[in-house]
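Here the structure is laid out as structure tokens; the discussion comes afterwards.
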Amino acid sequence: MMNNDNDYASAAQLLRNARHVVILTGAGISAQSGIPTFRDALTGFWKSFDPQQLATAAAFRDNPALVWGWYEWRRQLVKQARPNAAHHALVALSRRVPHVTVITQNVDDLHERAGSTEVVHLHGNINRPRCFACARGYDAVPCDTGELNGGPQEPPRCLRCNGRIRPGVVWFGEPLPQAELRLALKAAKICDLLISIGTSGVVYPAATLPGLARDHGAAVVHINTDSIEVQTDLLLQGSADACLIRLLALAFGNTAIN
Ligand code: OAD
């Protein structure tokens, strides 16, 4: 018996009994797909890049080419990445539980490409830019250069007002998209289990969701490679893919992930 067998057994029991599960994901779930996290030592984006120079409206105003080029590099990384076993396991999970809401802080589309539907993107979507001046939204990046060099690139211009097009992500100091935030808060209040996967839980308001769910009577399970502080919640420590596969097999049998 491994020493966390009891935690897995408890989490599997919670999952089997759940009617509405909220899945809250962070950068850790996409790490196995080759997309860096933000705060992991050595590999995290914010270890090599200054968010104040790249992820604020002021930075875009000061140096739009630098900011646009950096996000284009990240968008190309996402484009070349593939959903991993953790993204696929969540699709399998959604077939076993009456109601699943996937809420992600990630701006990639790996949940959708794995087959998850109705993903709530709390921090925006890197494939959906909008005009910095008039806010017109775009379903794709106009003039996709396909380049993965991270160098400065002039942002494309808006077809409506000729303003600069900005990445469709939430920057520091900006509010979250209100409709998505409302959906997330509501789901956290009514779910009976929230599983938080691959997030450091330091960025608000996303970080309030586990506590909100707990305060409304839900159980909370964290999946993380790190030994994060989880108070009264359960922690399954390990990589998201391995943890989810083990959890689903325990809850629903070995065929659950097929
Ligand atoms: P972080 O980089 O802060 O945290 C990633 C978490 O994933 C850490 O706790 C890691 O221990 C864990 N982790 C790493 N690899 C993992 C794996 N294979 N399996 C499971 N866990 C793993 O990323 P987020 O919490 O997503 O915001 O960061 C939140 C927000 O901060 C991001 O959405 C972004 C950033 O600034 C904006 O850009 C608005």
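Remarks
- In segment 103-114, residue farthest from the ligand (Cβ to nearest atom) [restricted to those that are open to solvent by 10 Å² or more (accessible area, probe 1.4 Å) and among the hydrophobic types (A, V, I, L, M, F, W, C)]: ALA114
- Hits in segment 223-236 (condition: in a strand (DSSP E or B) and more than 9 Å from the ligand (Cβ to nearest atom)): LEU234, LEU235, LEU236
- Hits in segment 139-174 - residues which are within 13 Å of the ligand (Cβ to nearest atom) and over 17 Å from the mean Cα position of the chain (by Cα): GLY173, GLU174
- Of all residues in segment 40-49 being in a loop (DSSP other than H, G, I, E, B) and within 9 Å of the ligand (Cβ to nearest atom), the one that is surrounded by the fewest Cβ atoms within 10 Å (Cβ to Cβ): THR43
- Residue list for segment 122-138, restricted to those being within 16 Å of the ligand (Cβ to nearest atom) and of a type in the set (Lys, Arg): ARG128, ARG130
- Checked against the criterion of being touching a strand residue (DSSP E or B) at 6+ places or on another chain (Cβ under 6 Å) and either of a type in the set (A, V, I, L, M) or within 13 Å of the ligand (Cβ to nearest atom) (or both), the candidates VAL119, VAL91 yield just one match: VAL119.
- Residue, nearest to VAL97 (Cα to Cα), within segment 21-39, restricted to residues that are part of a loop (DSSP other than H, G, I, E, B) and in contact with a Gly (Cβ under 8 Å, 6 or more places away or on another chain): GLY26
- Residues in segment 186-219 that are free of Cβ contacts under 8 Å to residues at least 12 places away in the same chain and open to solvent by 70 Å² or more (accessible area, probe 1.4 Å): LYS186, TYR204, ASP215.
The values are calculated or read from the model by the stated rules, or taken from the named source; none is laboratory data. Just so it is clear, the structure is predicted and the values come from calculations on it, not from any experiment. Positions of Cβ are backbone-derived with ideal geometry, glycine not excepted, and every protein chain shown enters the neighbour counts. These area figures cover heavy atoms from the full protein model, side chains too; ligands, DNA and RNA do not enter into them. Shrake-Rupley method; radii C 1.70, N 1.55, O 1.52, S 1.80 Å.
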